[in-house]
Amino acid sequence: MHRLQHLANRSLIAGVFDQSPALVRTKARETACLVQSLRLKTQGPVEQYGLKRFSTAEATVILRENGKMREKTLTMDTLNPQVKAVEYAVRGPIVTKAGDIERGLQQGQKHPFTEVIKANIGDSHAMGQKPITFLRQVVALCSFPELLSSPSFPEDAKQRARRILQGCGGQSLGSYSASQGVDCIRQDVAVYIEQRDKGVPADWDNIYLTTGASDGIVSILKMLVSGQGRSRSGVMIPIPQYPLYSAAISELEAVQINYYLDEDNCWALDINELHRAYQAAKEHCHPRVICIINPGNPTGQVQSRKCIEEVLHFAYEENLFVMSDEVYQDNVYSPDLQFHSFKKVLYEMGPEYFNTVELASFHSTSKGYSGECGFRGGYMEVLNLDLEVKAQLVKLLSVRLCPPVSGQAAMDVIVNPPLPHEPSYLQFHKEKSTVLGALAEKAQMTEQTLNTVPGIKCNPVQGAMYAFPRIFIPPRAVEEAKSLGMSPDMMYCLRLLEETGICLVPGSGFGQREGTYHFRMTILPTTEKLKVLLEKLRDFHIKFLKEYASLEEPKR
């Protein structure tokens, strides 16, 4: 109201110099009446008038002359259509429903279960996994350097914290870092990659720290998308895929090129399928990039060295940029398998390949044995980028200033863990082995249990954190789902949630061959809770088959 009085006076004064004295006095009386009227209208309890009495534009925004409220600028009609096209099944409608049910349980609503078991997302700590002590110690020391004088922290953790802080502006985790990340952490990442790949050289100038792996993946895709019509960039992604890829492709208006993994061969990548997808896509877009997830999400397979070599040769021949999502590189459970990085295989294929194929590989704090999703730490290594394009990448990354520096510190611990001669090594090694050992046991238990259920077939969970079993859905259930306007596996997962409290993600959210149905579940719940989940799932599936029973036998 004081501002309204001020504005009225200002308007009055502005007219003094071109109005007669009598007219000025008349207008002054009119303005005073207007102000008094508005003051009376807005006097009274705040509950009655809300924020109106504090508004700075009371005289104009209460109602339009025609009595209608101001229309919204941003509506579903004016919303960016690419945003509407984005879908992210991992946090989709099933998860929203699960949250509603969970809140209802807390408020005393009755359900056939007492808790919601969320097996929809790879969030290790939310599922009860304990943090790695050494990682948290280093980040705590970086966050609160006063603890560096505390005898409660081991010396090797203090040494790492001091080194990280020396690389930060003002020796504080609260300062911005360079857009590519803290230099000493990028150097540690390069050393880690060299050790992982048995001596393959790594240049820390090719390392970019990121806000989780997702940030790096989207940044590289932004660089690659261009053209219009048939020249529009095409992005080859595996089906099933992690929905980040399809979501980013939709948002960027790129063209999604599906290549199907071979479910009958443990989700292997078939080079013939790559050629089929590529040739078909050339008719309507310009394929420029191929994305691979290894170990697989949601499929849990670990690609062989031979398969990786075939993919790299294919990319070399077709002039494709390679994006290798390797965030699960520590999560390999089958004893006869091992992780092969795309970079190492590329190096072993010879200089003609290693010095020419453009490759971006990604890693993260969120998976592996640490499961530190909330820190949003990650890195990418980008090889063979044109120097001018590299400058453009740095420019693009500078727009978001820098990744969270606490996440960068967490990433440093993962690539620079305690060494055998250091005081924290034994505890660190025990904690890491316990986490990975438990995941290996749960992977085997999940596969074996699901394969005892009629109408469910689950490939071996060789790596990562998920099972992606194929489920038989009777024709009557398929028809009912279609009548409800939803995919059959969506209806299945909704029913499962409502009747058992188990939250899974339908396979349609990841992509699947026409006529097949799946769901993705994490193997992250504790062993006891995972047993309960699998038992409830088995009972539900058998009941579901009986409810929609037909003469057709379940497909195995």
Output yes when any residue across the range 295-303 is assigned to a strand (DSSP E or B) and under 30 Å from Pro506 (Cβ atoms), and no when none is. no
Search the range 183-241 for residues being under 24 Å from the mean Cα position of the chain (by Cα) and of a type in the set (Lys, Arg), and hand back the single one that is most open to solvent (accessible area, probe 1.4 Å). Lys222
Would you point out which residue out of Pro112, Pro151 is in contact (Cβ under 8 Å) with a residue 60 or more places away in the chain and surrounded by fewer than 22 Cβ atoms within 10 Å (Cβ to Cβ)? Pro112
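To keep it simple, each residue is scored yes or no on (1) modelled with pLDDT of 95 or more; (2) open to solvent by 40 Å² or more (accessible area, probe 1.4 Å); (3) assigned to a helix (DSSP H, G or I); (4) more than 30 Å from Glu309 (Cβ to Cβ).
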site	(1), (2), (3), (4)
Met380	yes, no, no, no
Ala391	no, yes, yes, yes
Met411	yes, no, yes, no
Pro423	yes, yes, no, yes
Gln427	yes, yes, yes, yes
Lys442	yes, no, yes, yes
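Here are some residues: Ala467, Ala438. Which one is small (Gly, Ala, Ser), open to solvent by less than 10 Å² (accessible area, probe 1.4 Å) and under 23 Å from Asn297 (Cβ atoms)? Explain how you work it out, then say what you get.
Numbers: Ala438 fails: open to solvent by less than 10 Å² (accessible area, probe 1.4 Å).
Just a single option satisfies the conditions, and that option is Ala467.
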With Val357, Val382 as the choices, which residue is more than 20 Å from Met465 (Cβ to Cβ) and under 25 Å from the mean Cα position of the chain (by Cα)? Val382
Where Ala277 falls short, out of the listed (1) open to solvent by 10 Å² or more (accessible area, probe 1.4 Å); (2) more than 18 Å from Gly378 (Cα to Cα): (1)
So Tyr260, is it of a type in the set (Ser, Thr, Tyr), within 28 Å of Phe519 (Cβ to Cβ) and open to solvent by less than 20 Å² (accessible area, probe 1.4 Å): no
Quick check: is even one residue across the range 274-288 touching a residue at least 24 places away in the same chain (Cβ under 8 Å), over 26 Å from Asn459 (Cβ atoms), in a helix (DSSP H, G or I) and touching a strand residue (DSSP E or B) at 6+ places or on another chain (Cβ under 8 Å)? yes
Would you mind stating whether Phe321 is touching an Asp or Glu at 6+ places or on another chain (Cβ under 7 Å), open to solvent by 10 Å² or more (accessible area, probe 1.4 Å) and in contact (Cβ under 8 Å) with a residue 24 or more places away in the chain? yes
Restricting to the range 115-130, give me the number of residues that are surrounded by 16 or more Cβ atoms within 10 Å (Cβ to Cβ) and within 24 Å of Val415 (Cβ to Cβ). 4
Qualifying residue in the range 521-528 (condition: open to solvent by 10 Å² or more (accessible area, probe 1.4 Å), touching a helix residue (DSSP H, G or I) at 6+ places or on another chain (Cβ under 9 Å), in a helix (DSSP H, G or I) and not β-branched (Val, Ile, Thr)): no
Can you tell me how many residues in the range 164-182 are within 23 Å of the chain's Cα centre (by Cα) and free of Cβ contacts under 8 Å to residues at least 12 places away in the same chain? 0
So, Asp215, is that one at negative phi and in contact with a helix residue (DSSP H, G or I) (Cβ under 8 Å, 6 or more places away or on another chain) or not? no
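A quick yes/no check of all residues on (1) modelled with pLDDT of 95 or more; (2) under 22 Å from Cys291 (Cβ atoms); (3) aromatic (Phe, Trp, Tyr):
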position: Ser361; (1), (2), (3): yes, yes, no
position: Ser366; (1), (2), (3): no, yes, no
position: Gly371; (1), (2), (3): no, no, no
position: Gly374; (1), (2), (3): no, no, no
If you check Gly407 against the conditions, is it on the phi < 0 side of the Ramachandran plot, in a helix (DSSP H, G or I), of a type outside the set (D, E, K, R) and open to solvent by less than 10 Å² (accessible area, probe 1.4 Å)? yes
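The values are calculated or read from the model by the stated rules, or taken from the named source; none is laboratory data. Only a predicted model underlies this, so the values are computations on that prediction, with no experimental measurement involved. Counting neighbours? That spans all protein chains shown, and the Cβs are built from the backbone with ideal geometry, glycine included. With ligands, DNA and RNA removed, areas are computed over all heavy atoms of the protein, side chains included. Shrake-Rupley method; radii C 1.70, N 1.55, O 1.52, S 1.80 Å.
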